[in-house]
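Encoded as structure tokens, the structure appears first; notes follow it.
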Amino acid sequence: MKPNELIEEWHAGIRINVLAHYECSKLFERYHRLLGYPTVILSALAGTAFVSSLTDSSVWWARAIAILLSLAVTVFASLQTFLRYAERAEKHKATATEFGKLRRELEQIMALIPIGDMVTAGEMESIRTKWGELSTHAPSIPNHVYTRMFFKVWHKPGIVGQPHIPPPPTAP
């Protein structure tokens with residue numbers, strides 16, 4: 001494989017990572033909201049039900065509802081704390097931003113290569129090293145997200161190896 005072909009494949013790989021991390025950020029923000037809204041609503045209802053069950057202690061079902069709502073609030077709040085969707089969304093967003101910087105650096109290198117010339121070994125080493133460092137510290141991308149972004153990027157014109165579409169990545 002020629003250096004310029006490899007650079008084009010790296011460009012596609014970095015684009016996949018940018019898109020996949022942004023997609024994960026949106027996904028985890030959505031999960032955070034889906035878990036957060038019910039938690040807030042249930043906690044308000046539990047507080048109200050608890051106060052109303054204290055004033056009329058003869059109604060057994062009011063106390064039962066207050067207990068169930070309190071239990072639901074505890075479960076939802078615990079899940080929200082354990083799953084850390086907001087934190088995960090922020091990590092993916094930050095990683096996508098860093099991969100975006102790397103993608104723009106690579107695009108600048110590609111744009112400055114005179115027609116017929118090759119990318120220098122130093123430029124390739126710089127990109128490879130930065131990509132490796134980013135990947136080391138990047139949060140995991142769910143396989144379904146990565147695969148979707150892989151096919152979204154790979155089918156764009158200008159990707160080296162277009163006639164031969166590699167198989168989608170598999171879970172590590």
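May I ask you to list pairs of residues, at least six apart or on different chains, whose Cβ atoms are under 6 Å apart, with the first in the stretch 58-76 being closer than 9 Å to Thr39 by Cα and the second being open to solvent by 60 Å² or more (accessible area, probe 1.4 Å) and among the hydrophobic types (A, V, I, L, M, F, W, C)?
Taking only residues 6 or more apart or on different chains, not a single pair turns up.
In the stretch 67-106, how many residues are open to solvent by 80 Å² or more (accessible area, probe 1.4 Å) and either of a type in the set (A, V, I, L, M) or not in a helix (DSSP H, G or I) (or both)?
Residues meeting the conditions: 4.
Could we say that Tyr37 is aromatic (Phe, Trp, Tyr), in contact (Cβ under 8 Å) with a residue 24 or more places away in the chain, assigned to a helix (DSSP H, G or I) and open to solvent by 10 Å² or more (accessible area, probe 1.4 Å) here?
no
Of the residues that sit in the stretch 118-150 and are assigned to a loop (DSSP other than H, G, I, E, B) and at pLDDT below 95, which one is most open to solvent (accessible area, probe 1.4 Å)?
Met118
For the stretch 107-114, indicate whether the set of residues that are in a loop (DSSP other than H, G, I, E, B), modelled with pLDDT of 75 or more and more than 15 Å from Leu6 (Cβ to Cβ) is non-empty.
Yes, that holds for at least one residue.
Taking the condition more than 22 Å from the chain's Cα centre (by Cα), in a helix (DSSP H, G or I) and within 27 Å of Asn143 (Cα to Cα), does Glu23 pass?
no
Read through the list (1) within 20 Å of Gly132 (Cα to Cα); (2) touching a His at 6+ places or on another chain (Cβ under 9 Å); (3) among the polar types (S, T, N, Q), then give the number of the only condition that Gln80 fails.
(1)
The values are calculated or read from the model by the stated rules, or taken from the named source; none is laboratory data. Small disclaimer: the values here were computed from a predicted structure and weren't measured. Positions of Cβ are backbone-derived with ideal geometry, glycine not excepted, and every protein chain shown enters the neighbour counts. These area figures cover heavy atoms from the full protein model, side chains too; ligands, DNA and RNA do not enter into them. Shrake-Rupley method; radii C 1.70, N 1.55, O 1.52, S 1.80 Å.
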